[in-house]
Structure formats: structure tokens, C-alpha cells
Amino acid sequence: MPAATRRRVLSVLTRVQTGSAAALTAFGVVHLSAPLVGLLHLGGDVNDRVDAVSRWMLLGRVAYQSALGEALLWTALATHLLAGITKRLVTRFTTAASTRSSEDTRDLKAEETAVVQEPPKRGARLSVAQASGYMLAPFVLHHAWVNRIVPSSPKAPISSLSPSELDYSFVAHTLSHPNAGVKIIMATAYTVLIGAFAVHTSFAIPALLRTIKPASRRKGSSRPRPALLASSLAFALLTSLVALVPMGARGGLAISGTLKARYDAVLSSVFPTRLFFVRL
């Protein structure tokens, strides 16, 4: 591929990634701020924490569960994934070919490196940001399927769970489910989702920002390390999630039997939790 064309393609893909990442980051801040609110109620009853988290979440849903908000969110997610995959394919399977003089070629390569950040290498291994992103994608889609798409089904007994019904009581129910298999599967899914999100966010956003302003890359010893940021973010989110789980014999969720049955109808409709409802 001609060097100039390759450089322009990678530059456009990087900027598309950056723009879609900004939209996804805004959604992430709104969506993930809800469980963190529960940490302010650690001294109270678990139902008080679930209620506080759910009320905060409903405020955020006004922004991203409108017709326009959801369309923008899904577009940003699809664009981010496609741009990342395409960029990986271009850097992996193409090389810059140029007939320019050696001096012009050196200048072009220097400019390409400033825009793309990483020099093109055939067979180059995935970066931490890329690997965590590919791990995160299927768990995000599964999370949306379980927590948004299937619960909106009009078929009984799900019967289109409303936003006020599908709050963090659903999350707390899945993580404290009487079926051990369901509980383990959902706890694992949330743990991987949060871990991959924390790593991807902590490593990818600084890298994308450096592609916009490459001149700002300095020694930067005062900047927080991505690994430390990722571990801190994951710890805070996992702690907020555990705080929603009833503990001890006296703990219990104030959820009606009818609503629990509708929650279980969702879980029995999706893979892999449906495997544990066969004999129930």
C-alpha cells in the first residue's frame, strides 16, 4: 500500500476510534457511577444500598435509554469495534511502499509514527489495550443481551420489564441466586467484564490521547501508571458490586416472588445460565 495512503487510512481510523471512545467513555461514567453510590451506604441494609443505586441509575437512563441515546450508543460501540479491527488488519497485513527519496521516506515514516503511535510490524503482538479490548467486546455484548435486550421481550413471563423493575435488584438477584451455577456464571461474567473494562480504559484512553497530541509525550513520571489506575478502578467497581449482595442469614432482597420469576425467565432464556434451569 502506498505510504501516504496507508498513513491517511491509519490516521482516519485512529481519529474515529478516539471519537467513538469519547462517546463510550461518557456512557461509562454515567452507567458506572450508579454502583459506586452504594459505597456511600455500606453501613445500612443491603436493600437500602440497592435502592440508592437503582434510583441513581434511573437518572442516568434518561440520557442513554432514549431512542436517540441508544442509537448513538450502539453506533459508537459498532464504530469503535470496526475501526479497531480494521486498524489492526491494516497494520498487520500491509506495509508502506513508497518511491520517494530516502529523505522524504524518513520524514513520512516519522510522521506516520507520530499519528499511529506504534510502528507497523508484521506479526506484532497485541498491546495490552488491544488484548483487553478484544476480551471486553463479547462480555459487553452479553451484558447488553442479558440486561437490556432480553428483558424487553413482550413474551410472558418476562412481559417487558420496565426500567423501574429492571434495576439493580436484578443484578443483586443474579449474584445471590439460589442456584449455585447461575450465581457462579454471573459473578464470573461481571468480574471479567469489570476487569477487562478497567484495563482497556486505563491503557487505551491515554494511548488515543497521545495520538491526538503526540508533542505532549514526555517522560511524564508524575502521571499515574495505567496498571495502577486499572487495578484501582477494578477494585472500586468490584467492591461496589459485592456490596449489593446479601450477606449472612439475616440478609435478603426485598423482591416479590412474581418479579423474581420474571428475572429467572430472563436468566433461563440466555446462554449459559439457561443450562442451569433445565431441571428446575
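Which number in (1) assigned to a helix (DSSP H, G or I); (2) touching a Ser or Thr at 6+ places or on another chain (Cβ under 7 Å) marks the one condition that SER160 misses?
Evaluating SER160 over (1) assigned to a helix (DSSP H, G or I); (2) touching a Ser or Thr at 6+ places or on another chain (Cβ under 7 Å) leaves (1) as the failure.
Only residues that are modelled with pLDDT of 65 or more and among the polar types (S, T, N, Q): list them for the range 116-139, please.
SER127, GLN130, SER132 - these are the residues of the range 116-139 that are modelled with pLDDT of 65 or more and among the polar types (S, T, N, Q).
Residue by residue, here is whether (1) in a loop (DSSP other than H, G, I, E, B); (2) modelled with pLDDT under 95 holds:
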position: ALA196; (1), (2): no, no
position: THR201; (1), (2): no, yes
position: PRO206; (1), (2): no, yes
position: ARG218; (1), (2): yes, yes
position: MET247; (1), (2): yes, yes
position: ARG262; (1), (2): no, no
position: LEU275; (1), (2): no, yes
position: ARG279; (1), (2): yes, yes
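Considering every residue within the range 76-85, establish whether at least one is surrounded by fewer than 17 Cβ atoms within 10 Å (Cβ to Cβ) and in contact (Cβ under 8 Å) with a residue 12 or more places away in the chain.
For the range 76-85, residues surrounded by fewer than 17 Cβ atoms within 10 Å (Cβ to Cβ) and in contact (Cβ under 8 Å) with a residue 12 or more places away in the chain: absent.
Any residue in the range 41-61 that is more than 16 Å from LEU241 (Cβ to Cβ) sitting within a Cβ distance under 8 Å of a residue that is charged (D, E, K, R)? List the pairs, counting only those 6 or more apart or interchain.
Here the result reads LEU58/ASP167, each pair linking the range 41-61 to a residue that is charged (D, E, K, R).
Just to be sure, is ALA26 farther than 18 Å from LEU166 by Cα and free of Cβ contacts under 8 Å to residues at least 12 places away in the same chain?
Yes: the conditions hold for ALA26.
Only one of (1) surrounded by 14 or more Cβ atoms within 10 Å (Cβ to Cβ); (2) modelled with pLDDT under 90 fails for SER66. Which number is that?
(1)
Determine the pairs where a residue that is under 17 Å from ASN147 (Cβ atoms) and touching a residue at least 40 places away in the same chain (Cβ under 8 Å), located within the range 62-74, has a partner that is surrounded by 13 or more Cβ atoms within 10 Å (Cβ to Cβ) and not acidic (Asp, Glu) with Cβ atoms under 7 Å apart, the partner being 6 or more residues away or on another chain.
So the pair list comes out as GLN65/PRO163; LEU73/PHE27; LEU73/TYR64.
The values are calculated or read from the model by the stated rules, or taken from the named source; none is laboratory data. Given the structure is predicted, the values throughout are model-derived calculations rather than measurements. All Cβ positions, even for glycine, are placed from backbone atoms using ideal geometry, and neighbour counts span all protein chains on display.
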